[in-house]
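Working notes, beginning with the structure itself.
The values are calculated or read from the model by the stated rules, or taken from the named source; none is laboratory data. From a predicted model like this one, the values you see are computed outputs, not experimental measurements. In this analysis, Cβ positions are derived from the backbone assuming ideal geometry, glycine residues included, and neighbour counts consider all displayed protein chains.
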Amino acid sequence: MAAAAPTASVAPRDAALDGLRAVAALSVFGFHAWLYTLSDVYVAAAPNTLANDLFAELRVGLVLFFVLSGFLLYRAWVRSALNGRPAPKTATYAVRRVGRIVPAYWVAIVASALLLYPLAGSPGVRLPPAELLPLFFIFAQNFSSETLLTLNPPMWTLAVEASFYILLPLVGWLALRAGRSGGAQAAIPIALLLCGLVFNFVLAKQNGPPLSWSKSLPAMLPYFALGMLAAVLIERRSASLAATRLWTAAGVLLVAADVVMHLQGNAALRVGDLDLLRFIRDLPAAAGFALIVAAAAARPPRSLELRPLVWVGAVSYGLYLWHVPVLLVLRANGLLPLTPWGATLIALPISLLLGWLSLRLIEKPAMAWSRRTELLGANLSGSA
């Protein structure tokens, strides 16, 4: 998840977005609870049933994480450009991102290695050469076929997120110079969306391109860009209750359409030699999630502000980091029921507990460090 790194604090205005983080995290967990209870731990090996197809489509929670990242991180620059608020400082942004993401991520890498290397050969356990482990610590695991989707496979999304974090200050700089026109502000994420679509079009025309290409920032750029567009949408104008309800309904329909499209499979979606699924990927779902995120931010629905959902959203980063090692360790020791619901009953409470411990013992102290670092930097600048 990422993903989109969830915030530890739950300010009232952000509660609905924490609820959406929870939806994304639980969706990803459900997908992996299904995947890691398959006999071969391989999607294509699953029996062709509607239940298996629907469990497989829970993977779309990853798309929601990317959309949330684009929305939340770009929103500060859009607010500054459109409403004259103070612009984010690159140094402050960098320190906050490092404090928010890196410590918990590094701890999860070390723990995953300690837990999973002794389980080599167990179902679902895929390990990189030990000498390549340093690639994980610098978010470079996606660049090698020997490390991509190994150790703790969901971490591939964090490598993509890290690439987006590096790109974003440049995009924000462009936003600040684009003026107060909503059209000019929208043009920036639209340009990124088009760049991502061009990349995926080229990818779809290739015959067996490296998997790393499809797990890269250019391939995921449309998802981030649609989240950024959602930020422009709600910062440019206030939304009525009727409008947000319409956005939500349209968003749900688009996500459902994406699921149906993928259930149809590649054979039903070809134009000549172009595989449309490899081209548009989950673009309808991303557009739907962008509308849902915009609606939730503009007029938060009570359904997303339920305390249990908000709590899961607050611990969702740790949940995302720890849930696959939990599933793998339980299965290797014969403690995991080999059904998705049974696996969820056993593994989800453990994963949530580890997510809460990550929040309390690693993420909150790391974010406090980042705030102290910001204050120190401000004091040094003021005394210079």
### Task
Examine the range 302-315 for a residue that is at pLDDT 95 or above, over 15 Å from Leu26 (Cβ atoms) and either surrounded by 14 or more Cβ atoms within 10 Å (Cβ to Cβ) or touching a Lys or Arg at 6+ places or on another chain (Cβ under 6 Å) (or both), and state whether such a residue exists.
yes
### Query
Just to be sure, is Phe143 surrounded by 20 or more Cβ atoms within 10 Å (Cβ to Cβ) and either within 28 Å of Pro222 (Cα to Cα) or of a type outside the set (A, V, I, L, M, F, W, C) (or both)?
no
### Task
Considering only the range 89-139, state which residues are outside any helix (DSSP H, G or I) and either touching an Asp or Glu at 6+ places or on another chain (Cβ under 7 Å) or closer than 23 Å to His323 by Cβ (or both).
Ala120, Gly121, Ser122, Pro123, Gly124, Val125, Arg126, Leu127, Pro128, Pro129, Leu133, Phe139
## Note on the structure
Of the listed residues (Leu359, Leu352, Leu336, Leu348), the one being in contact with a helix residue (DSSP H, G or I) (Cβ under 9 Å, 6 or more places away or on another chain), surrounded by 13 or more Cβ atoms within 10 Å (Cβ to Cβ) and within 13 Å of Thr37 (Cα to Cα) is Leu336
### Task
Determine whether Ala298 is surrounded by fewer than 24 Cβ atoms within 10 Å (Cβ to Cβ), touching a Ser or Thr at 6+ places or on another chain (Cβ under 8 Å) and closer than 19 Å to Gly19 by Cβ.
yes
### Task
All but one of (1) part of a helix (DSSP H, G or I); (2) touching a helix residue (DSSP H, G or I) at 6+ places or on another chain (Cβ under 6 Å) hold for Val252, so report the exception by its number.
(2)
## Note on the structure
Residues in the range 312-335 that are free of Cβ contacts under 8 Å to residues at least 40 places away in the same chain and closer than 29 Å to Val78 by Cβ total 0
### Query
From the residues in the range 24-59 that are among the β-branched types (Val, Ile, Thr) and surrounded by fewer than 22 Cβ atoms within 10 Å (Cβ to Cβ), which one is farthest from Phe289 (Cα to Cα)?
Val41
### Summary
Within the range 203-248, of all residues that are of a type in the set (A, V, I, L, M) and more than 24 Å from the chain's Cα centre (by Cα), the one surrounded by the most Cβ atoms within 10 Å (Cβ to Cβ) is Ala239
### Message
Given the criteria in contact with a helix residue (DSSP H, G or I) (Cβ under 9 Å, 6 or more places away or on another chain), of a type outside the set (Lys, Arg) and either on the phi > 0 side of the Ramachandran plot or touching a residue at least 24 places away in the same chain (Cβ under 8 Å) (or both), does Leu135 qualify?
### Response
no
### Message
I'm trying to understand the selection: among the residues of the range 54-78, which are over 15 Å from the mean Cα position of the chain (by Cα) and either among the β-branched types (Val, Ile, Thr) or closer than 27 Å to Ala332 by Cα (or both)?
### Response
Leu54, Phe55, Ala56, Glu57, Val78
### Task
Answer yes or no as to whether Phe164 is in contact (Cβ under 8 Å) with a residue 12 or more places away in the chain, surrounded by 18 or more Cβ atoms within 10 Å (Cβ to Cβ) and part of a helix (DSSP H, G or I).
yes
### Query
Quick one: would you say Pro154 is in contact with a His (Cβ under 8 Å, 6 or more places away or on another chain) and either without any contact (Cβ under 8 Å) to a residue 40 or more places away in the chain or part of a helix (DSSP H, G or I) (or both)?
yes
#### Entry: Number of the exception - Leu135 against (1) touching a Leu at 6+ places or on another chain (Cβ under 7 Å); (2) surrounded by 18 or more Cβ atoms within 10 Å (Cβ to Cβ); (3) at pLDDT 95 or above
(1)
### Extreme residue, modelled with the highest pLDDT, among residues of the range 237-293 that are basic (Lys, Arg) and within 17 Å of Gly196 (Cβ to Cβ)
Arg281
#### Entry: Candidates Ala81, Ala51, Ala25, Ala44 - the one that is assigned to a helix (DSSP H, G or I) and within 22 Å of the chain's Cα centre (by Cα)
Ala25
### Query
Hey, does the range 111-121 have a residue that's under 22 Å from the mean Cα position of the chain (by Cα), buried (at least 17 other Cβ atoms within 10 Å of the Cβ) and within 30 Å of Pro169 (Cα to Cα)?
no
